[in-house]
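**Q** Dropping the structure in here first, questions after.
The values are calculated or read from the model by the stated rules, or taken from the named source; none is laboratory data. Quick caveat, the model's predicted, so the values are computed rather than measured. With ideal geometry, Cβ positions are generated from the backbone for all residues, glycine too; neighbour counts draw on all protein chains shown.
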Amino acid sequence: MTRFSYLNGEFLPHEKCFVHIEDRGFQFADGAYEVTLFENDNLVDGDFHLQRLMRSLRELNIEHNFTIEELKKIQLELFSKNNFLTSAYCYLQITRGVANRTPWCPKNLKNTIVATVSAKKIISPEELDKGFTAMTHDDIRWHRCDIKTVNLLASTLVNQKAKDAGFDDAIFVREGIVTEATYANVFIVDDKKNLITHPADNHILQGITRNRLIKIAQENKINVIERKFGIDEMMKASEVFLTSSTLIIRPVFQINRQEILGREKASKPSLAKILKEAYEDFVGSISSN
Ligand code: PDD
């Protein structure tokens, strides 16, 4: 079974895909990307991911001529070339292109576009039931976390620091405010069953899963509040969970080696479980193109 990837207009065997050494993505992280879930022969919220990619490119002043339709076609064709994958992810990246190394942004470059697909990691119910552990960490990222740029060094270093210390992930805190995890958004549930998450400003990525879950929650008459909260409030919450296209919903049971205090009094089934099932129903309802 050959694994195909996409590079600048061609579908090639994965190991034949090479990018130029002076690609601005390689030298400056001068590019944007998306990770999209693929289920039932279709991309889950694929249009929203591509709209966010367009926004990221715009915010980075990266000129390009791609349309959402073209990009979607590339993604779906890549899955059909890798038809051994059923539940999977598509990674799609566009950089400014190749140029002699200059600290400014040259104009009229030919973008570099790459896409890869990979199988979705299957998580056992036991693993899910264990919940995540996390540590808190100063949010050392820049002030444009709303752009999904390939500059992920701060997140990678902090994620590794968490792993080295025996945690599953780290939750960023900026000036006392919980922003998001290294690769996911953070939600808490208070004792009145309100679902609370950081507002979509420049200090978080406005997650597509986050947005979808907010919609699903509201349809299920769950009150959603987009507001800031700190570590104390998070520790007292009945539930804390992370959301992303790869994790979907992952409850966090322990932070900084302490149990989430409100968990004992939390209602059963948890909101995380209710929302996860509702999300799965939503994914199940997506018909193929
Ligand atoms: N990351 N916040 C950050 C910093 C992220 O990197 C991600 C996703 C999210 C959740 O976004 P979404 O729900 O659209 O996946 C929030 C992806 C999965 C990644 O970089 O691999």
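**Q** Please pick out the residue among LEU109, LEU128 that is of a type in the set (A, V, I, L, M, F, W, C) and surrounded by fewer than 18 Cβ atoms within 10 Å (Cβ to Cβ). Explain how you work it out, then say what you get.
**A** Numbers: LEU109 fails: surrounded by fewer than 18 Cβ atoms within 10 Å (Cβ to Cβ).
From the options LEU109, LEU128, the qualifying one is LEU128.
**Q** On to the next question. Assess whether TRP142 counts as being aromatic (Phe, Trp, Tyr), out of contact with any helix residue (DSSP H, G or I) (no Cβ under 7 Å at 6 or more places or on another chain) and more than 15 Å from the ligand (Cβ to nearest atom).
**A** On the way: aromatic (Phe, Trp, Tyr): yes; out of contact with any helix residue (DSSP H, G or I) (no Cβ under 7 Å at 6 or more places or on another chain): yes; more than 15 Å from the ligand (Cβ to nearest atom): no.
Taking the combined requirement at face value, the residue does not satisfy it.
**Q** State all residues of the range 247-280 that are polar (S, T, N, Q) and at pLDDT below 95; if no residue qualifies, say none. Let's see the steps before the verdict.
**A** Step one: list which residues in the range 247-280 are polar (S, T, N, Q), which gives 254, 256, 258, 267, 270.
Listed by number, the residues that qualify are SER267, SER270.
**Q** Moving on to the next point. Between residues in the range 155-169 that are at pLDDT 95 or above and residues that are part of a helix (DSSP H, G or I), which pairs lie under 8 Å by C-beta distance while being six or more apart or on different chains?
**A** Between residues of the range 155-169 that are at pLDDT 95 or above and residues that are part of a helix (DSSP H, G or I), the close pairs are ASP168/ALA162; ASP169/ASN159; ASP169/ALA162.
**Q** Continuing with this model, one more query. From the list VAL98, VAL150, which one is among the β-branched types (Val, Ile, Thr) and within 16 Å of the ligand (Cβ to nearest atom)? So that I can check it myself, show each step before the final result.
**A** Numbers: VAL98 fails: within 16 Å of the ligand (Cβ to nearest atom).
The conditions single out VAL150.
**Q** May I pose another question? Which of the residues spanning the range 118-149 are more than 13 Å from TYR183 (Cβ to Cβ) and aliphatic (A, V, I, L, M)?
**A** Across the range 118-149, the qualifying residues are ALA119, ILE122, ILE123, LEU128, MET135, ILE140, ILE147.
**Q** For the range 239-269, which residues satisfy the criterion of being over 21 Å from the mean Cα position of the chain (by Cα) and in contact (Cβ under 8 Å) with a residue 60 or more places away in the chain? First the steps, then the outcome.
**A** As a first pass, look at the range 239-269 and keep what is over 21 Å from the mean Cα position of the chain (by Cα): 254, 256-269.
Residues satisfying the conditions are GLN254, ASN256, ARG257, GLY262, LYS265, ALA266, SER267.
**Q** Among the candidates GLU34, GLU39, GLU59, GLU69, which residue alone is touching a residue at least 60 places away in the same chain (Cβ under 8 Å), of a type outside the set (S, T, N, Q) and surrounded by fewer than 16 Cβ atoms within 10 Å (Cβ to Cβ)? Spell out the reasoning first.
**A** Working: GLU34 fails: surrounded by fewer than 16 Cβ atoms within 10 Å (Cβ to Cβ); GLU39 fails: surrounded by fewer than 16 Cβ atoms within 10 Å (Cβ to Cβ); GLU69 fails: touching a residue at least 60 places away in the same chain (Cβ under 8 Å).
Selected residue: GLU59, the only one of GLU34, GLU39, GLU59, GLU69 that is touching a residue at least 60 places away in the same chain (Cβ under 8 Å), of a type outside the set (S, T, N, Q) and surrounded by fewer than 16 Cβ atoms within 10 Å (Cβ to Cβ).
**Q** Can I ask one more? Of all the strands (runs of 3 or more DSSP E) wholly in the range 173-289, which have at least 3 residues that are more than 30 Å from SER118 (Cα to Cα)?
**A** Values: elements: 177-181, 185-189, 195-197, 224-226, 239-244, 248-255.
Fully inside the range 173-289 and qualifying: 224-226.
**Q** Oh, and also: Going by the structure shown, is PHE167 under 27 Å from ARG227 (Cα atoms), of a type in the set (Phe, Trp, Tyr), within 15 Å of the ligand (Cβ to nearest atom) and within 21 Å of the chain's Cα centre (by Cα)? Don't jump to the end; show me each part of the working.
**A** Numbers: under 27 Å from ARG227 (Cα atoms): yes; of a type in the set (Phe, Trp, Tyr): yes; within 15 Å of the ligand (Cβ to nearest atom): no; within 21 Å of the chain's Cα centre (by Cα): yes.
So PHE167 fails the test.
**Q** Checking the structure you have, find out if any residue of the range 171-190 is away from the ligand (no atom under 16 Å from the Cβ), on the phi < 0 side of the Ramachandran plot and not acidic (Asp, Glu). Steps first, answer last, please.
**A** Let us first name the residues in the range 171-190 that are away from the ligand (no atom under 16 Å from the Cβ), namely 175-176, 189-190.
Filter once more, so that each one left must be on the phi < 0 side of the Ramachandran plot: 189-190.
Now narrow it down to the ones that are not acidic (Asp, Glu): 189.
Looking through the range 171-190, at least one residue is away from the ligand (no atom under 16 Å from the Cβ), on the phi < 0 side of the Ramachandran plot and not acidic (Asp, Glu).
**Q** Find the residue count for the range 192-232, including only residues that are surrounded by 18 or more Cβ atoms within 10 Å (Cβ to Cβ), among the small types (Gly, Ala, Ser) and under 22 Å from GLU34 (Cα atoms).
**A** So the answer is 1.
**Q** A further question on this structure: Which one of these does ARG210 not meet: (1) touching a strand residue (DSSP E or B) at 6+ places or on another chain (Cβ under 8 Å); (2) of a type in the set (Lys, Arg); (3) away from the ligand (no atom under 13 Å from the Cβ)?
**A** Result: ARG210 fails condition (3) only.
**Q** Something else: Between LYS148, LYS121, which is under 15 Å from the mean Cα position of the chain (by Cα) and modelled with pLDDT under 95?
**A** Working: LYS148 fails: modelled with pLDDT under 95.
On inspection, the qualifying residue turns out to be LYS121.
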